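Okay, structure first, notes after.
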Amino acid sequence: MPKSPTKRRPLTVAALNDSALALFIEHGFHATSIRDIVARAGLTRGAFYSNYQDKEQLFLALYDQQIDKLLADLRTAFTDAGPGQDIPSRLLRELADRRREDEGWFLLSMEFTLHAARHPEVARSLAEHEARLIDGLVELIEEASEHTPGVRPRDLARLLVILHEGATAMRLTEEARGTLAEFPEDLLHRVVDGLFHPASTRGAQA
């Protein structure tokens with residue numbers, strides 16, 4: 001018996017998502033068409049439009065999947081590691097360790113961010129989805145920390161994302177240039193640790 005539309009829908013969405021993610025990473029967001037996506041998935045344009053309004057909406061669905069996986073992985077890493085005081089630095093290291101695995105996704109997300117920056121409606125939607133990542137990092141910081149940090153957890157979470165994304169972009173160019181060994185990795189961790197432990201940092205300097 002053929003499956004009902006309701007039962008087929010999760011399979012259709014999964015096929016569209018898998019197809020789009022592979023094509024976006026391989027060719028880029030702009031270079032991939034809806035025709036390409038449905039052809040690779042073995043579906044029709046009607047199947048696409050019955051689930052997504054456009055490519056932007058599909059990308060944001062993929063973005064949510066990536067964020068959910070990232071936060072789940074970070075939570076597992078922190079659970080396995082146990083309590084500690086260098087929470088921001090540990091988060092930054094966990095994010096950095098994923099760079100090789102997620103390099104294709106990083107390039108895709110940067111391309112989409114630039115696309116969103118030129119389209120205010122898309123930018124507003126992206127900002128709403130990005131808030132899920134910040135909220136998840138705030139939860140981790142608050143749960144893992146046994147004291148009040150020197151800055152608000154939300155500000156610290158946003159700084160971690162800024163440092164991670166900026167550092168990842170710079171690492172890619174430094175690597176191509178052959179100067180990756182000069183990258184100031186330790187400085188990034190001293191910055192976040194100094195914000196998280198302002199009193200201890202001042203004491204060390206004294």
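The values are calculated or read from the model by the stated rules, or taken from the named source; none is laboratory data. Bear in mind the structure is a predicted one, so any value in this text is a computation, not a measurement. Counting neighbours? That spans all protein chains shown, and the Cβs are built from the backbone with ideal geometry, glycine included. To get the accessible areas, we keep the full protein, side chains included, count just its heavy atoms, and leave off ligands, DNA and RNA. Shrake-Rupley method; radii C 1.70, N 1.55, O 1.52, S 1.80 Å.
Report yes if residue 94 is of a type in the set (Asp, Glu), within 18 Å of residue 23 (Cα to Cα) and either within 16 Å of the chain's Cα centre (by Cα) or surrounded by fewer than 17 Cβ atoms within 10 Å (Cβ to Cβ) (or both), otherwise no.
Values: of a type in the set (Asp, Glu): yes; within 18 Å of residue 23 (Cα to Cα): no; either within 16 Å of the chain's Cα centre (by Cα) or surrounded by fewer than 17 Cβ atoms within 10 Å (Cβ to Cβ) (or both): yes.
No; evaluated as a whole, the condition is false for this residue.
Among residues of the range 60-84 that are closer than 16 Å to residue 29 by Cβ and at pLDDT 95 or above, those with a Cβ under 6 angstrom from a residue that is surrounded by 15 or more Cβ atoms within 10 Å (Cβ to Cβ) and aliphatic (A, V, I, L, M), sequence gap 6+ or separate chain, pair up as 62/21.
Restricting to the range 120-129, name every residue that is in contact (Cβ under 8 Å) with a residue 24 or more places away in the chain and not β-branched (Val, Ile, Thr). Walk me through it before giving the result.
Here is the first cut: in the range 120-129, the ones in contact (Cβ under 8 Å) with a residue 24 or more places away in the chain are 122, 125-126, 129.
Answer for the range 120-129, where residues must be in contact (Cβ under 8 Å) with a residue 24 or more places away in the chain and not β-branched (Val, Ile, Thr): 125, 126, 129.
Across the range 160-178, the qualifying residues are those that are among the charged types (D, E, K, R) and touching a Leu at 6+ places or on another chain (Cβ under 8 Å), and the one among them that is most open to solvent (accessible area, probe 1.4 Å) is 174.
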